[in-house]
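Since the structure comes first, as structure tokens, the remarks are kept for the end.
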4 protein chains.
Amino acid sequence: MKYSTGKETKRKIIDATFQLMADKGFDALSIDDIMTSIGRTKGSFYVHFKSKEELLYEVMRTRLDRGHGQMAEEILKELSKDNCNVRAILERVTDEIHSSSGQNRLTWAFAFYHLLIHSRKNEFVREWLESNEDQWSNFLRMIVKRGQELGQIRTDVDTQTITNMCMAIVVGYDILFMLNPQIDFSEVNHIHDWMFVNDQNPKNEG
Amino acid sequence: MKYSTGKETKRKIIDATFQLMADKGFDALSIDDIMTSIGRTKGSFYVHFKSKEELLYEVMRTRLDRGHGQMAEEILKELSKDNCNVRAILERVTDEIHSSSGQNRLTWAFAFYHLLIHSRKNEFVREWLESNEDQWSNFLRMIVKRGQELGQIRTDVDTQTITNMCMAIVVGYDILFMLNPQIDFSEVNHIHDWMFVNDQNPKNEG
Amino acid sequence: MKYSTGKETKRKIIDATFQLMADKGFDALSIDDIMTSIGRTKGSFYVHFKSKEELLYEVMRTRLDRGHGQMAEEILKELSKDNCNVRAILERVTDEIHSSSGQNRLTWAFAFYHLLIHSRKNEFVREWLESNEDQWSNFLRMIVKRGQELGQIRTDVDTQTITNMCMAIVVGYDILFMLNPQIDFSEVNHIHDWMFVNDQNPKNEG
Amino acid sequence: MKYSTGKETKRKIIDATFQLMADKGFDALSIDDIMTSIGRTKGSFYVHFKSKEELLYEVMRTRLDRGHGQMAEEILKELSKDNCNVRAILERVTDEIHSSSGQNRLTWAFAFYHLLIHSRKNEFVREWLESNEDQWSNFLRMIVKRGQELGQIRTDVDTQTITNMCMAIVVGYDILFMLNPQIDFSEVNHIHDWMFVNDQNPKNEG
DNA sequence: GATGAATGAGGGTTCATTCAT
DNA sequence: GATGAATGAACCCTCATTCAT
């Protein structure tokens with residue numbers, strides 16, 4: 001049909017952009033590319049967005065945010081229990097990160113790291129990414145700290161460093177994955193074999 | 001320096017491009033930007049390069065290659081000794097990676113990950129990166145394997161996975177570093193505290 | 001009001017256009033600007049006008065016409081009297097010109113001279129302006145001629161030239177006014193001090 | 001020839017713009033229009049100007065400035081003489097205004113009044129016009145004042161007002177001329193017949 | 001009457017590339 | 001080697017206009 005609802009077209013534009021920016025990056029993506037890919041003409045883009053930049057922000061908010069909001073509360077409640085299994089919690093979080101990026105993890109990864117690169121020249125994007133990372137960092141640190149308090153996580157390395165290592169290995173696997181999509185992403189959890197003290201350690205990779 | 005020609009201007013172009021592409025990325029960089037920054041005019045670019053793409057390849061070869069060639073031979077010789085200290089070797093390799101990126105690590109990181117992103121749409125770049133990664137992967141695996149043979153590295157996780165983890169944590173710290181340049185890059189080595197078996201583990205700095 | 005239809009929205013559109021075109025000119029004015037300013041949306045513009053051009057003509061007719069029709073008859077009757085005071089009549093006409101442009105003289109002036117400029121590329125506008133000017137010219141010439149016949153206006157310069165001078169000084173003050181809105185528009189009448197013969201010249205206001 | 005000197009092309013662009021903006025106005029003029037009219041393509045415009053706006057300023061400076069600088073000094077010297085003929089001086093100034101607008105007075109007038117209109121939305125243009133007008137106003141006032149001091153110009157109207165009237169009538173004739181190019185522009189000088197006291201008034205040409 | 005999605009032409013601007021000088 | 005004028009394609013964005021709802 002020639003006339004769709006605004007909401008639908010807007011969603012299509014965001015979806016298409018997310019897909020396409022994984023390949024070419026946001027800058028190299030033309031509005032014509034986007035609109036043609038959804039069967040519309042260039043001019044009508046501006047019915048839905050004030051500018052290309054606004055589109056980027058929308059894509060960030062709706063497609064690239066590895067938000068943990070929904071999960072966070074449950075986790076915090078779980079953590080406060082005396083007998084909580086911190087390793088199980090941590091692995092749940094890692095899984096969530098994977099699955100939250102949607103079915104097409106590679107697409108997500110390229111789009112996301114495009115954004116990281118883009119942040120160098122766009123303050124707004126940079127702040128958004130920093131805040132994103134802060135949230136994750138704080139969230140993870142809380143878990144690690146609790147693990148150490150409960151004697152489940154080793155204490156030979158300090159809390160912040162362990163947190164950084166966890167984050168680094170997750171994003172590092174993103175990068176390896178982009179270079180070689182055959183990599184088994186679940187390997188990430190092996191670091192837990194070392195991080196957690198032995199008697200806590202019955203699990204042996206998936 | 002590994003410049004293939006002795007031409008001074010050509011070298012200047014490559015250096016300037018490497019510096020500038022960290023900020024804006026290669027695509028967003030215009031030939032005018034580059035040539036102006038070295039006090040020349042646009043037209044003379046084509047005296048030195050057939051195209052902008054060729055320039056990218058030249059930058060890759062001379063500035064973004066985390067080559068390990070020089071070091072590799074020495075390492076292999078060292079590894080073959082009966083009493084070699086694998087942890088020391090590994091840390092030397094990690095240090096080399098850091099320092100090989102030059103004084104300005106952040107510049108290097110942005111430029112390199114620009115390239116990674118760029119690889120999605122450029123076969124040549126993709127192959128170059130894959131080959132780059134293969135070399136490193138093979139090299140590291142050799143070291144890890146030797147460490148396991150000698151009983152210095154734990155064997156509860158298989159060789160390839162440990163290799164991947166080492167690589168992931170190195171590139172992961174690159175990414176964290178891009179998000180937050182205050183991060184202490186030497187933390188990377190803490191994974192060795194866990195990876196190596198205890199009596200091998202005298203080092204404890206932060 | 002001289003709006004041809006009773007339609008409220010149509011009137012609003014015309015008014016808004018008149019106001020807005022003083023700032024940006026008619027060409028630079030978008031239909032979106034106009035409709036937004038009256039709290040309607042772009043699409044409904046075409047319920048009221050066939051095209052943007054038609055709107056211009058409507059604005060011309062209803063807001064930019066310095067028509068003298070109403071006044072003309074009275075003046076003619078007055079002029080035919082033996083003892084008529086031509087200077088008083090002329091000043092009444094001048095005042096009428098000022099006040100006919102509405103409260104916001106500056107708005108009127110910019111809009112009108114926009115139109116004059118526009119006339120260069122639009123035959124219809126040009127003809128309208130020419131006819132407008134002809135009417136005024138004829139009307140004024142009649143007054144001047146009568147003044148000369150009665151010995152009230154000097155005869156050292158011929159009728160048509162005096163008429164032109166009167167018109168020029170009126171529109172000239174429009175222009176000075178646009179450049180410097182502090183100018184005292186009533187100065188225009190000082191030319192009468194010279195134009196009329198001395199014993200006719202008791203008036204001296206500023 | 002395909003490659004001209006920059007100076008020549010720049011001049012051609014300015015000339016063409018001056019000609020074309022009389023018809024369509026500066027805004028309605030596209031860079032494509034301009035460049036096509038001089039046998040070049042749109043892209044090369046930016047070799048010569050940073051932006052379309054910069055072109056406007058250049059046209060203003062080189063084509064629309066009714067500068068009086070050259071003449072001013074001579075006039076001032078003349079004025080200081082005891083027996084100077086102020087009317088002759090004033091008529092020389094008026095003539096200069098006419099001729100300084102070049103051969104094609106109508107073109108000049110439309111371009112100039114386009115600019116005046118444009119000033120409403122461009123601060124820089126507005127200031128330029130104001131300063132332009134100030135210079136003229138000051139210059140003319142000096143002449144009028146001297147004329148009054150010497151008893152050559154009537155004193156029943158104050159200096160500033162006479163100055164304004166002179167300016168108004170000059171620009172007013174510009175406008176009449178735009179409406180009707182047949183008008184005899186030299187009529188402007190007839191106001192001098194009234195402005196100067198009688199015994200000074202031997203001149204009577206049309 | 002009004003809405004707002006869609007169109008298509010065109011505008012200013014950028015840029016890799018070519019080429020006469 | 002270097003310059004800088006010129007090209008032509010592409011880009012983001014604007015806008016008068018149309019039309020289904």
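Observations on the structure shown:
- Residues of region B:145-176 satisfying the condition of being in contact (Cβ under 8 Å) with a residue 40 or more places away in the chain and either more than 16 Å from the chain's Cα centre (by Cα) or surrounded by fewer than 18 Cβ atoms within 10 Å (Cβ to Cβ) (or both): B:Arg146, B:Gly147, B:Leu150, B:Gly151, B:Gln152, B:Ile153, B:Arg154
- From B:Met142, B:Met165, residue being in a helix (DSSP H, G or I), within 30 Å of B:Tyr57 (Cα to Cα) and away from every other protein chain (no Cβ under 11 Å): B:Met142
- Residues that are of a type in the set (Gly, Ala, Ser), away from DNA strand E (no atom under 13 Å from the Cβ) and in contact (Cβ under 8 Å) with a residue 24 or more places away in the chain occur at least once in region A:18-26.
- All conditions in (1) assigned to a helix (DSSP H, G or I); (2) touching a helix residue (DSSP H, G or I) at 6+ places or on another chain (Cβ under 8 Å) hold for C:Val157, with the sole exception of (1).
- The C-beta contact set for region B:35-51 (first residue over 17 Å from B:Phe18 (Cα atoms), second residue near DNA strand E (Cβ under 7 Å from one of its atoms), distance under 8 angstrom, 6+ apart or interchain) comprises B:Lys42/B:Ile31; B:Lys42/B:Asp32.
- Flag if A:Ser30 is within 14 Å of chain B (Cβ to nearest Cβ), more than 21 Å from the chain's Cα centre (by Cα) and within 12 Å of DNA strand E (Cβ to nearest atom): yes
- So C:Tyr46, is it more than 21 Å from C:Glu133 (Cα to Cα), more than 14 Å from every other protein chain (Cβ to nearest Cβ) and either assigned to a helix (DSSP H, G or I) or within 16 Å of DNA strand E (Cβ to nearest atom) (or both): yes
- Of the residues in region C:100-117, at least one is within 24 Å of C:Leu55 (Cα to Cα) and among the charged types (D, E, K, R).
- Residue list for region A:1-37, restricted to those being farther than 20 Å from A:Leu106 by Cα, surrounded by 16 or more Cβ atoms within 10 Å (Cβ to Cβ) and of a type in the set (A, V, I, L, M): A:Ile31, A:Met35
- Any hit, region B:54-70, residues being assigned to a helix (DSSP H, G or I), surrounded by 16 or more Cβ atoms within 10 Å (Cβ to Cβ) and within 11 Å of DNA strand E (Cβ to nearest atom): yes
- When region C:3-60 is filtered for residues that are basic (Lys, Arg) and away from DNA strand F (no atom under 11 Å from the Cβ), the ones remaining, listed by number, are C:Lys7, C:Lys10, C:Arg11, C:Lys12, C:Arg40.
- Screening region B:121-130 for residues that are surrounded by fewer than 21 Cβ atoms within 10 Å (Cβ to Cβ) and facing chain A (nearest Cβ under 10 Å) and picking the one that is farthest from A:Ala111 (Cα to Cα) gives B:Glu130.
- Complete set of residues in region B:1-39 that are at pLDDT 85 or above, more than 16 Å from A:Lys121 (Cα to Cα) and not in a helix (DSSP H, G or I): B:Ile38, B:Gly39
The values are calculated or read from the model by the stated rules, or taken from the named source; none is laboratory data. This one's a predicted model, so the numbers in the text were calculated from it and none came from an experiment. We place every Cβ from the backbone using ideal geometry, glycine too, and count neighbours over all the protein chains shown.
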